[in-house]
Amino acid sequence: MPTTVQGLDGLLSLAGRDLGRTDWLEVTQERVNTFADATGDHQWIHTDPRKAKQGPFGGPIAHGYLTLSLIIPMFGELLRIEGASMSVNYGLEKVRFPSPVPVGAKIRLHGLVDSVEEVKGDGVQMGLTFTVEVEGGGKPACVAQAVYRHYA
């Protein structure tokens, strides 16, 4: 169940808060192939299961940027903002991919609110650290420091 906040004042109260973890999401070959089609990145380690079986990961892996893009829908499982007229992805401070996501693996998102501050234009800027965990994995698949802006 996501944390629900009302308006910008509710967001300001989240500084330093652990938003918890999402449910597990399976990364399928179909999703990887669809991402490859959308981005034009058809590298064999992602899209050729036969060849990838002989490669360094023992099978196909998800694109790092696919893993990063899945943060957006999973973030919706962690936080619901009511009363904001607009929310925008303001950017990323740092992104790392410490370990691959094998096709068929399950991932989940852990979110921490690092900072929340008021910005001009009747807005609030949030800094968050997202960690994408792989079920049974020792290292995260992705660690991203993201910045979002929300406006009244």
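The values are calculated or read from the model by the stated rules, or taken from the named source; none is laboratory data. These numbers were taken from a predicted model, which means no experiment stands behind them. Methodologically, a virtual Cβ is constructed for each residue, glycine included, from the backbone with ideal geometry; neighbour enumeration extends over all protein chains shown. When the accessible area is computed, the model is the full protein with side chains, heavy atoms only, and any ligands, DNA or RNA have been set aside. Shrake-Rupley method; radii C 1.70, N 1.55, O 1.52, S 1.80 Å.
Any idea what log10 I(q)/I(0) is at q = 0.21, 0.27 Å⁻¹ for the stretch 74-152, Debye with uniform C-alpha scatterers and no solvent?
-0.95, -1.30
Could you give the length gained on full extension between residue 112 and residue 89, defined as 0.36 nm per residue of separation minus the Cα-Cα distance, in nm?
That pair, residue 112 and residue 89, stretches by 6.7 nm at full extension.
Using just the helices of the chain, give the 222 nm mean residue ellipticity in deg cm²/dmol: DSSP H runs with n ≥ 4 each add -39,500 (n - 2.57), and the total is spread over all residues, rounded to 500.
-5500 deg cm²/dmol
If the cut-off is a Cα-Cα distance under 20 Å, which aspartates and glutamates reach residue 139, setting aside same-chain residues fewer than 8 apart in sequence?
18, 23, 26
For 41, 18, 122, write out the residues from largest to smallest accessible area, computed with a 1.4 angstrom probe and no ligands counted.
122, 18, 41
If you line up the long axis of helix 29-39 against the longest principal axis of the chain, both from Cα atoms, how many degrees apart are they, to the nearest 10?
Around 70 degrees separate the two axes.
To the nearest 20 Debye, how big is the dipole of the chain about its Cα centre, given +1 on the beta carbon of each Lys and Arg and -1 on that of each Asp and Glu?
Computed about the Cα centre, the dipole is about 520 debye.
Can you check what the net charge comes to around residue 33, using other residues whose Cβ is under 15 Å from the Cβ of residue 33 (Lys, Arg +1; Asp, Glu -1)?
Computed value for this residue: -2.
Out of every Cα-Cα pair in the stretch 1-62, what percent are more than 16 Å apart?
The proportion of pairs with Cα distances above 16 Å equals 62 percent.
How much length, in nm to one decimal, is gained on full extension between residue 80 and residue 34, taken as 0.36 nm per residue of separation minus their Cα-Cα distance?
13.8 nm
Can you give the local net charge around residue 118? Use residues other than it whose beta-carbon is closer than 13 angstrom to its beta-carbon, Lys and Arg +1, Asp and Glu -1.
Overall, the nearby charge balance is -1.
Can you send over the solvent-accessible area of residue 39, 1.4 Å probe, protein chains only, in Å² to the nearest 10?
70 Å²
Tell me the Kirkwood radius of the chain: reciprocal of the mean inverse pair distance over distinct alpha-carbon atoms, in Å.
16.4 Å
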